[in-house]
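A quick write-up on the structure given underneath.
The values are calculated or read from the model by the stated rules, or taken from the named source; none is laboratory data. All values derive from a computational prediction rather than experimental measurement. Every residue, glycine among them, receives a Cβ derived from its backbone with ideal geometry; neighbour counts consider all protein chains shown. What goes into the accessible areas is simple: the full protein's heavy atoms, side chains included, and nothing from ligands, DNA or RNA. Shrake-Rupley method; radii C 1.70, N 1.55, O 1.52, S 1.80 Å.
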Amino acid sequence: MLQISPPHLSFASQNEIDSFTNCLLASQRILCLVGAGLSAASGIPTFRGADGLWNTPWGTQHRAKDLASPYAFKTNPVEVLQLYSERRQQALSAYPNPAHYALAQLARAKPELLTICQNVDGLCERAGHPASQLHLIHGSLLNIRCSVCDYSKHDTSLEPFVPIVPDLPASQLPRCSTCAGLLRPGVVWYGERLPDTVTDAIEQWIDSGPADLIIVIGTSLSTFPAAEYIEDARGESTRLAVINTDRDEEPCNGMREGDWFFVGDAAVVVPDILKTAIQHFEK
Ligand SMILES: [Zn+2]
């Protein structure tokens with residue numbers, strides 16, 4: 001009987017999607033690296049580029065990026081916490097998109113899959129991605145921690161963290177109930193170390209053998225240490241799939257024969273290329 005494949009959108013040929021699906025079904029050790037492009041369709045602004053969040057003014061700063069450092073927090077805590085209060089509200093008011101849900105379903109079906117997430121918006125976890133397989137290398141806006149002691153809490157309340165009003169006195173900033181130190185978002189700022197627990201878990205996964213398949217969604221492969229993780233996890237027979245709106249975002253060492261590059265919005269491409277495999281797992 002003639003098998004008619006379901007129609008796919010125009011970002012790839014049916015052959016490419018079929019070969020990717022076959023690889024996905026056969027793969028156990030899957031490493032996913034996700035970035036801002038995954039959440040773009042949820043309305044979370046991207047950072048880089050002329051229109052990116054980091055290059056837009058905030059408060060008295062020409063670029064919001066200048067507030068994402070321990071030095072800025074020390075010298076200008078009011079504007080730093082107001083910026084992060086705004087970003088928290090934005091993340092908590094957004095919803096996971098079909099790509100977050102498809103990735104979470106894939107993770108549940110493939111217990112050896114590991115996702116390295118560069119986003120701090122909490123949308124992967126809200127889509128039901130198993131936490132044990134999700135490593136937030138840049139932390140999370142949904143975590144609030146003390147800048148002095150070890151106190152931290154997971155906080156999803158929509159209440160503004162800090163009021164965004166002009167000339168807010170520093171005395172009104174939130175403080176730790178244990179040591180009275182200033183509270184701060186649980187994200188990694190420029191110049192800060194990535195959390196040891198996260199890097200240890202990723203390195204342990206990579207050290208236990210090459211990945212069968214690496215899937216890179218909505219992120220540049222030129223950022224450290226993400227690019228290094230991808231190279232380290234890539235063995236002779238590891239296949240690579242990249243999903244990006246920009247065809248130029250190739251890994252530093254290039255694509256190999258048999259790799260896939262799907263050009264388009266992650267919210268459209270990811271659910272479509274994972275669809276057949278997910279239907280298979282649900283049988
Ligand atoms: Zn404290």
Residue in the range 88-100 that is of a type outside the set (G, A, S), in contact (Cβ under 8 Å) with a residue 12 or more places away in the chain, within 16 Å of the ligand (Cβ to nearest atom) and open to solvent by less than 20 Å² (accessible area, probe 1.4 Å) present: no
Scope the range 168-189; condition part of a loop (DSSP other than H, G, I, E, B), more than 16 Å from the ligand (Cβ to nearest atom) and surrounded by 13 or more Cβ atoms within 10 Å (Cβ to Cβ); matching residues: L168, V188, W189
Complete set of residues in the range 59-108 that are under 30 Å from R29 (Cβ atoms) and not in a helix (DSSP H, G or I): P96, N97
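Would you confirm whether or not the range 21-29 contains a residue that is in contact with a helix residue (DSSP H, G or I) (Cβ under 7 Å, 6 or more places away or on another chain) and open to solvent by 50 Å² or more (accessible area, probe 1.4 Å)?
Yes, the range 21-29 contains at least one residue that is in contact with a helix residue (DSSP H, G or I) (Cβ under 7 Å, 6 or more places away or on another chain) and open to solvent by 50 Å² or more (accessible area, probe 1.4 Å).
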Some residue of the range 130-138 being within 16 Å of the ligand (Cβ to nearest atom), of a type in the set (A, V, I, L, M) and surrounded by 22 or more Cβ atoms within 10 Å (Cβ to Cβ): no
Residue in the range 233-249 that is closer than 27 Å to L25 by Cα, open to solvent by less than 80 Å² (accessible area, probe 1.4 Å) and part of a helix (DSSP H, G or I) present: yes
Lone qualifier among L136, L103 - being aliphatic (A, V, I, L, M), farther than 25 Å from V80 by Cα and under 14 Å from the mean Cα position of the chain (by Cα): L103
